[in-house]
Every structure is written in C-alpha cells, then in structure tokens.
1. Considering only residues that are touching a strand residue (DSSP E or B) at 6+ places or on another chain (Cβ under 8 Å) and either on the phi > 0 side of the Ramachandran plot or not in a loop (DSSP other than H, G, I, E, B) (or both), which ones fall in region 81-105?
2. Mind counting the residues in region 2-20 that are loosely packed, with under 12 Cβ neighbours inside 10 Å and either under 29 Å from residue 153 (Cα atoms) or without any contact (Cβ under 8 Å) to a residue 24 or more places away in the chain (or both)?
3. Of the residues that sit in region 44-57 and are touching a helix residue (DSSP H, G or I) at 6+ places or on another chain (Cβ under 6 Å) and closer than 24 Å to residue 111 by Cα, which one is surrounded by the most Cβ atoms within 10 Å (Cβ to Cβ)?
4. Name every residue in region 28-44 that is under 19 Å from residue 99 (Cα atoms) and either out of contact with any strand residue (DSSP E or B) (no Cβ under 8 Å at 6 or more places or on another chain) or part of a loop (DSSP other than H, G, I, E, B) (or both), in order of residue number.
5. Kindly indicate the residue of region 24-33 that is out of contact with any helix residue (DSSP H, G or I) (no Cβ under 6 Å at 6 or more places or on another chain) and buried (at least 20 other Cβ atoms within 10 Å of the Cβ) and also nearest to residue 92 (Cα to Cα) among those meeting that condition.
6. In region 112-126, how many residues are surrounded by fewer than 23 Cβ atoms within 10 Å (Cβ to Cβ) and farther than 19 Å from residue 98 by Cβ?
7. Has region 130-148 got any residue that is assigned to a strand (DSSP E or B) and touching a residue at least 40 places away in the same chain (Cβ under 8 Å)?
8. Can you run down the residue pairs with Cβ atoms below 8 Å, 6 or more apart or on separate chains, where the first is in region 21-34 and at positive phi and the partner is surrounded by 11 or more Cβ atoms within 10 Å (Cβ to Cβ) and in a loop (DSSP other than H, G, I, E, B)?
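No value in this document is a laboratory result; all are computed from the given coordinates. Predicted, not measured: the structure shown is a model, and the values here were computed from it. Ideal geometry is used to build each Cβ from the backbone, glycine not excepted, and the neighbour counts take in all protein chains shown.
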C-alpha cells in the first residue's frame, strides 16, 4: 500500500456523514477544492487540536471555495458527538472499515494507530498537495490553506 502523492488522481468513494447523509467525492469536488484530512480518532488530544484548527480556519477555506472534510474510522454517531462537542462546521465521514484510508494509502503510525494525512484535491479530483504528520496537527491546516490559496489564484 503506497500513499497517494500530489499529481495522482484521487480515487472515487462514497461514505456516510455525521448527519447520516451519503457523501461522494466527485460530486463535491466538482464544486471546488476538497481538503480531505484523515485523522486517527475522535476526542483524542492531537485530533482535537487538528479538528479545532480546521474549525478556526473554516471561514477562510470557505471564502476560497474549498470544503474541509475529516475522515476517521469512528462511527457516524461518534462523529456526530465529536462535531457537536467541538462545534465543527464541516463534514466528518465514517470510514469504519478503513477502505477509503486504504484507497489513499494512509498507513498506520507506529504500526498501530491510524495515520494523519491531509490531501488537497482539485475539481478534477487531482491531488494537488499531501501533508503527513502524526503530531503536527496545526501544520495540516497551514499547509492545506497555503495550497488552497494557490488554487484560488
């Protein structure tokens, strides 16, 4: 399993949101860039920092036409609680079997917990940027924002 890189096509997928709705990559990418961030688990310290950092910059992403979408293997219900507790204004997707994580080649960190990788995907589903860091939660947001700003020019 090799992690996808910038310049590669993002695979098509459909998952369920925290609201129980179906979410398909191609439908949403057609509306503008997608910042797709894979994270290990709801309500863990680094994940809270990352999720809240994306929340705090959400309006900037939205002004630039980008959608922020988080993915973990937590359940739809867990996502609903996490989004409510931290007032997350963006979509969280439940990848309970880890199939989409595998499609993107997001490996486990230290061999046992799900990896933390952010992909910026353009309207043609081309991956424009990848940021991978298990512990630099805010770096994911900063790198994604820089890429989205470039795409908006």
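1. 82, 83, 91, 92, 93, 94, 98, 100, 101, 104
2. Of the residues in that region, 3 qualify.
3. 50
4. Scanning region 28-44 gives 39, 40, 41, 42.
5. Residue satisfying both the conditions and the ranking: 25.
6. Count: 5.
7. The answer is yes, given that some residue of region 130-148 is assigned to a strand (DSSP E or B) and touching a residue at least 40 places away in the same chain (Cβ under 8 Å).
8. As it stands, the answer is 32/65; 32/66; 32/123, since those pairs meet every condition given.
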